[in-house]
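The values are calculated or read from the model by the stated rules, or taken from the named source; none is laboratory data. Bear in mind the structure is a predicted one, so any value in this text is a computation, not a measurement. Cβ placement follows ideal geometry from the backbone for every residue including glycine, while neighbour counts extend to all protein chains displayed.
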Amino acid sequence: MQPLRLAFAGTPDFAAVSLQALLETDHQVVAVLTQPDRGAGRGKKITPGPVKQLALDHGIPVLQPSHLKGDDTLAELRALELDALIVVAYGLIIPQAVLDLPRLACVNVHGSLLPRWRGAAPIQRAIMAGDGESGTTIMKMDAGLDTGPMLLHETLPIGEHETGGQLHDRLASQGARLLSRVLEDLPGHLAGAETQPEQGVTYAHKLSKHEARLDFRLPGRALVCRVRAFNPWPVTWTELAGQTVRVWEAREHRADDQPGEQEPGRILTVSDAGITVACGDGEILLTHIQLPGKRPMSVADVRRGHPDLFQPGAALV
């Protein structure tokens, strides 16, 4: 197949992995679309996103419209005479007028096994739900929310203790590899595209910081899945005596020596192994936490610096 003339639309690290894979092929990436620069870090310093920085490093023209509905943006994209537009975690809606521009298709890399977990946060929602597997779907985009026909998909098991960040990295690599395979014969994959099944549709709504507060009335497994899913962002948290405690790692915990039911959120035991906390159906063990102004640490390390901070009987809320 002849090399394709492509534009790439994406913004974060997840997308940069696919862009890097494209740059290692014979295809020509003639432009990159990415969201406008935003402030990052404590000082909110304006910093190029990962996709933009990669494009700049390779001398690729960068377009950063706030939306894709303007006539000027449409004219710029039309002038590129694209064979395909590749979209990976772009973060902006692609209107029908843009979907219709490329000669072949707009192609999306999505980090789930569609139709499960359509939407903005498929990686984290899969872990939160306790799914045993995830995967990547390459699809031809249509006007719906991740509803287009599937060109290629591949399953990826989710590890028992895998975090959102770890699964993110593995899916990013898988997506880049599958995208390269699809582009080896894009017309052939388009001809064999499969319509998504109507059953099994779920939606992965965007993550919000308010979800990160731990509700110890939930079952232990649900709490642990949330801790895993929200690592490294937005990171789950709780409060002890008005002080925010971020929880980076936790495990389900079963013990035979605690009499009767305990109030959810009550600290039961404290040791170097972790902080045992009562929850909706038993206990969980907090193993890695972060105090205000400190880095994430094991509970053993925290206890060395703050031996009296966590005591049995205290309440996490």
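Between residues in the range 283-304 that are within 17 Å of A222 (Cα to Cα) and outside any strand (DSSP E or B) and residues that are at pLDDT below 95 and not hydrophobic (A, V, I, L, M, F, W, C), which pairs lie under 6 Å by C-beta distance while being six or more apart or on different chains?
Once the first residue is within 17 Å of A222 (Cα to Cα) and outside any strand (DSSP E or B) and sits in the range 283-304, no partner that is at pLDDT below 95 and not hydrophobic (A, V, I, L, M, F, W, C) comes close enough.
Any idea which residue in the range 97-119 is farthest from T137 (Cα to Cα), counting only those that are of a type in the set (A, V, I, L, M, F, W, C) and touching a Phe, Trp or Tyr at 6+ places or on another chain (Cβ under 9 Å)?
Step by step, filter the range 97-119, then rank; the result is W117.
Of all residues in the range 48-63 being of a type in the set (G, A, S) and in a loop (DSSP other than H, G, I, E, B), which is modelled with the highest pLDDT?
Here is the first cut: in the range 48-63, the residues of a type in the set (G, A, S) are 49, 55, 59.
In the following step, the residues that additionally are in a loop (DSSP other than H, G, I, E, B) were identified as 49, 59.
Working: G49: 95, G59: 98.
Only one residue fits best here, namely G59.
Being touching a residue at least 60 places away in the same chain (Cβ under 8 Å), polar (S, T, N, Q) and either surrounded by fewer than 17 Cβ atoms within 10 Å (Cβ to Cβ) or assigned to a loop (DSSP other than H, G, I, E, B) (or both) narrows it down to one residue among S112, S66; which is it?
On the way: S66 fails: touching a residue at least 60 places away in the same chain (Cβ under 8 Å).
S112 is the lone residue from the list that is touching a residue at least 60 places away in the same chain (Cβ under 8 Å), polar (S, T, N, Q) and either surrounded by fewer than 17 Cβ atoms within 10 Å (Cβ to Cβ) or assigned to a loop (DSSP other than H, G, I, E, B) (or both).
What residue, among those in the range 1-23 that are at pLDDT 95 or above and over 24 Å from the mean Cα position of the chain (by Cα), is surrounded by the fewest Cβ atoms within 10 Å (Cβ to Cβ)?
P3
I need a count of the residues in the range 130-154 that are touching a residue at least 40 places away in the same chain (Cβ under 8 Å), within 18 Å of S180 (Cβ to Cβ) and of a type outside the set (A, V, I, L, M, F, W, C).
The total comes to 3.
Could you run through the range 305-317 and say how many residues are over 25 Å from G280 (Cβ atoms) and loosely packed, with under 11 Cβ neighbours inside 10 Å? Break it down stepwise before answering.
Here is the first cut: in the range 305-317, the ones over 25 Å from G280 (Cβ atoms) are 305-308.
Then drop every residue that is not loosely packed, with under 11 Cβ neighbours inside 10 Å, which leaves 305, 307-308.
Count: 3.
Can you find, within the range 77-91, the residue that is nearest to the chain's Cα centre (by Cα) among those that are touching a residue at least 24 places away in the same chain (Cβ under 8 Å) and surrounded by fewer than 18 Cβ atoms within 10 Å (Cβ to Cβ)?
This residue is G91.
Hey, any hits in the range 36-47 for a residue that's under 27 Å from P232 (Cα atoms) and touching a Leu at 6+ places or on another chain (Cβ under 9 Å)?
no
Restricting the search to the range 226-248, which residues are in contact (Cβ under 8 Å) with a residue 60 or more places away in the chain and either surrounded by fewer than 19 Cβ atoms within 10 Å (Cβ to Cβ) or touching a Leu at 6+ places or on another chain (Cβ under 8 Å) (or both)?
First, the residues of the range 226-248 that are in contact (Cβ under 8 Å) with a residue 60 or more places away in the chain: 226, 228-233, 238-241, 245.
Across the range 226-248, the qualifying residues are R226, F230, P232, W233, T238, E239, L240, A241, V245.
Only one of M150, M139 is closer than 22 Å to A21 by Cβ, buried (at least 20 other Cβ atoms within 10 Å of the Cβ) and in contact with an Asp or Glu (Cβ under 6 Å, 6 or more places away or on another chain). Can you tell me which? Even if it seems obvious, please write down each step before you answer.
Working: M139 fails: in contact with an Asp or Glu (Cβ under 6 Å, 6 or more places away or on another chain).
Only one candidate qualifies: M150.
For E133, indicate whether it is among the acidic types (D, E), touching a helix residue (DSSP H, G or I) at 6+ places or on another chain (Cβ under 7 Å), surrounded by fewer than 16 Cβ atoms within 10 Å (Cβ to Cβ) and assigned by TED's automatic domain parsing to the domain that holds A84.
On the way: among the acidic types (D, E): yes; touching a helix residue (DSSP H, G or I) at 6+ places or on another chain (Cβ under 7 Å): no; surrounded by fewer than 16 Cβ atoms within 10 Å (Cβ to Cβ): yes; assigned by TED's automatic domain parsing to the domain that holds A84: yes.
Judged against the criteria, E133 is not a match.
Quick check on the range 240-257: of everything there that is more than 18 Å from L218 (Cβ to Cβ) and part of a loop (DSSP other than H, G, I, E, B), which residue is modelled with the lowest pLDDT?
Ranking the candidates gives D257 first.
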